[in-house]
Amino acid sequence: MRTVRIPLAIRIPAVVIVFMAAIAVFISERVLTRLQEAQTRHLGDLATVYLDGLAPALVAPVVREDVWEVFDIIDRARQTHADLKPMETVVASADGRVLASSDPRRHPSWSPLPSSFLAERTTAPTIASNETEGRAVARRDLSSGDRIVGSVHASFDITPLLAERRSVLMTLIGTNAALTLVLALTAWLTVRRMMRPVRVLASHLMASPEGPVEPIPETLVTTAPREFRGLFAAFNRMAEAVREREALSRHLAEEERLASLGRLASGMAHEINNPLGGLFNAIDTLKEHGERSDVRKRTIDLIDRGLKGIRDVVRTTLVTYRADRDARSLQRADIDDLKLLIEPEIRRKGLVLQWRNEGFDEVRVSPSVVRQVVLNLLLNACQATPPGGQVSLRATVEDAHLVATVEDSGSGLSDSAHDVLAGRRDQAVSASGSGLGLWMVRRLVREGRGTIAVTPRLPKGTTIRVAIPFAREEGLADVA
């Protein structure tokens, strides 16, 4: 499963949001808890003041069970403590019956004490809040001497307190959310500004495999932060060195190409000189015995064969080292023509050449690319093989690919040459200068979207397998 990597410019603001959210939750919980404690304490103080004010006046009437006097005391107390906002006040006897209440219709005298009031006995006022109903209930026992003679109960409206608590909560949420968004936006802008030089460097590095290495413009170098100026300058020096090395590699590759052509020309000189000697002899024969028809026929046939041989050698050389001007497919004869170019080197070193070119008549592959790749590999194989050794070529078609396999019985491919074919090194020029030919092979195969595989050949030698995919009909003109 592929892991999705989140950009740093998003990860840091996300971390800020998470931390700010955690801090906001902690601060909000502490603020609300302290507010609730303060409100509860304040409400308890008010209930204590109210009930403690009623208790001394109610003891005697409760002992006498004087309902009217109890009711009068409750009514006067409610008017006196109007700012406390008591919703209900109920005075009960020791056995839990209502003596009098601020709402006689709801709680008539001598009725059981409602369950909504506190039932636990205590000498000090106790208070319990019911946020669902928006009320708080307080109780104060009435005592005469050491005997509990009754109790007074009061309920208070706490909806303003709950509204204040909700207001504080909404204020905290809004403030923390706004602060979190501001800090996250600030972090995003800050990180984006800090990462701008990194993006510039990354864009130039990612563009390098697709084309020439371009240096970072001087305007960006001078305006970059001080920490990145040295890095940009080092990248520009590296880019300049890479461009110089690529230019040198192209120059050396062209020289190697011309040198290879020179070596081939020297070998082909023998192929041309031999027919020329025969042609001159034939011309002399015609001069001396041209009047004889049988001599004239044999001599003209000899001249025709000699001229055709010279024509084939010259044509094959020109076609191999000249890019195709017209879009056409590779024919089997294009590979067979390379025999004429490699045979002088084969004879010079006394090598054995095995040639298998089969399985196709015409394929959609650039002839120029294939000819140059195969010829360079054959020349390299001839150079690596000692006299009396064996060089072989096998060309065939496999899975919409043209596959050319070159084998030799030499001492094996060097590590540097292997790195050149594998693309791990730009050039590997040995003392004999064979590295640039392999570099050109790798470049041509890469341009043709092909692959190269190098394996050892038993008991000794090297096997190089090149596979080049077929091109589309309309794309042949651009392959070479």
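Taken across the range 359-374, residues that are open to solvent by 60 Å² or more (accessible area, probe 1.4 Å), of a type outside the set (A, V, I, L, M) and either closer than 17 Å to Arg465 by Cβ or within 42 Å of the chain's Cα centre (by Cα) (or both) do occur, with at least one present.
Determine, yes or no, whether Val91 is touching a residue at least 12 places away in the same chain (Cβ under 8 Å) and either assigned to a helix (DSSP H, G or I) or of a type in the set (S, T, N, Q) (or both). I'd like the intermediate steps shown before the answer.
Working: touching a residue at least 12 places away in the same chain (Cβ under 8 Å): yes; either assigned to a helix (DSSP H, G or I) or of a type in the set (S, T, N, Q) (or both): no.
So Val91 fails the test.
For the subset of the range 142-181 comprising residues that are among the aliphatic types (A, V, I, L, M) and more than 30 Å from Val49 (Cβ to Cβ), which member is least open to solvent (accessible area, probe 1.4 Å)? My answer is Leu172.
Return the residue satisfying two criteria in turn: it lies in the range 97-107 and is open to solvent by less than 60 Å² (accessible area, probe 1.4 Å) and in a loop (DSSP other than H, G, I, E, B), and of such residues it is nearest to Glu69 (Cα to Cα).
Keep residues of the range 97-107 that are open to solvent by less than 60 Å² (accessible area, probe 1.4 Å), which gives 98-103, 107.
Then drop every residue that is not in a loop (DSSP other than H, G, I, E, B), which leaves 102-103, 107.
Details: Ser102: 13, Asp103: 15, His107: 17 Å.
Per the stated criteria, the residue is Ser102.
Pairs linking a residue in the range 333-351 that is within 20 Å of Gly461 (Cα to Cα) to a residue that is part of a helix (DSSP H, G or I) and polar (S, T, N, Q), with Cβ atoms under 9 Å and 6 or more positions apart or on different chains, are Glu345/Gln383; Lys349/Gln383. In the range 440-465, the qualifying residues are those that are among the charged types (D, E, K, R) and out of contact with any strand residue (DSSP E or B) (no Cβ under 8 Å at 6 or more places or on another chain), and the one that is least open to solvent (accessible area, probe 1.4 Å) is Arg443. Looking across Pro197, Pro217, one residue alone is in contact with a Phe, Trp or Tyr (Cβ under 9 Å, 6 or more places away or on another chain) and either open to solvent by 90 Å² or more (accessible area, probe 1.4 Å) or over 28 Å from Arg443 (Cα atoms) (or both). It is Pro197. The condition of being hydrophobic (A, V, I, L, M, F, W, C) and buried (at least 17 other Cβ atoms within 10 Å of the Cβ) does not hold for Val31. The condition of being under 16 Å from Val49 (Cβ atoms), of a type in the set (Lys, Arg), modelled with pLDDT of 75 or more and not in a loop (DSSP other than H, G, I, E, B) holds for Arg139.
Are any of the residues in the range 76-86 of a type outside the set (S, T, N, Q) and modelled with pLDDT of 85 or more? It would help to see each step written out before you state the result.
Start the filter on the range 76-86 by keeping residues that are of a type outside the set (S, T, N, Q), which leaves 76-78, 81-86.
With modelled with pLDDT of 85 or more added as a condition, the list becomes none.
Checking the range 76-86: not a single residue is of a type outside the set (S, T, N, Q) and modelled with pLDDT of 85 or more.
When Ala24, Ala57 are screened for being open to solvent by less than 90 Å² (accessible area, probe 1.4 Å), modelled with pLDDT of 80 or more, over 30 Å from Ala94 (Cα atoms) and in contact with a helix residue (DSSP H, G or I) (Cβ under 7 Å, 6 or more places away or on another chain), only Ala24 passes. Only residues that are closer than 15 Å to Ala100 by Cβ and in a helix (DSSP H, G or I) were counted across the range 52-66, and they come to 10. Checking each residue in the range 456-480 for being of a type in the set (Val, Ile, Thr) and modelled with pLDDT under 90 picks out only Val479. Residue-level analysis places Ser260 among those that are in the same structural domain as Gln372 (by TED's automatic domain parsing), at pLDDT below 70 and under 30 Å from Arg449 (Cα atoms). Among the residues making up the range 330-388, those that are part of a helix (DSSP H, G or I) and of a type in the set (D, E, K, R) are Arg332, Asp334, Asp336, Lys339, Glu343, Glu345, Arg347, Arg348, Lys349, Arg371.
For the residues Ala239, Ala282, Ala323, the requirement of being under 60 Å from the mean Cα position of the chain (by Cα), small (Gly, Ala, Ser) and modelled with pLDDT of 65 or more singles out Ala239.
Going through the range 404-426 one residue at a time, which ones are within 35 Å of the chain's Cα centre (by Cα) and outside any helix (DSSP H, G or I)? Working first, answer last.
We begin by selecting, within the range 404-426, every residue within 35 Å of the chain's Cα centre (by Cα); these are 415-426.
Scanning the range 404-426 gives Gly423, Arg424, Arg425, Asp426.
The values are calculated or read from the model by the stated rules, or taken from the named source; none is laboratory data. Here the structure is a predicted model, which means the values were calculated and not measured. Virtual Cβ from ideal backbone geometry, glycine too; neighbours counted across all protein chains shown. To get the accessible areas, we keep the full protein, side chains included, count just its heavy atoms, and leave off ligands, DNA and RNA. Shrake-Rupley method; radii C 1.70, N 1.55, O 1.52, S 1.80 Å.
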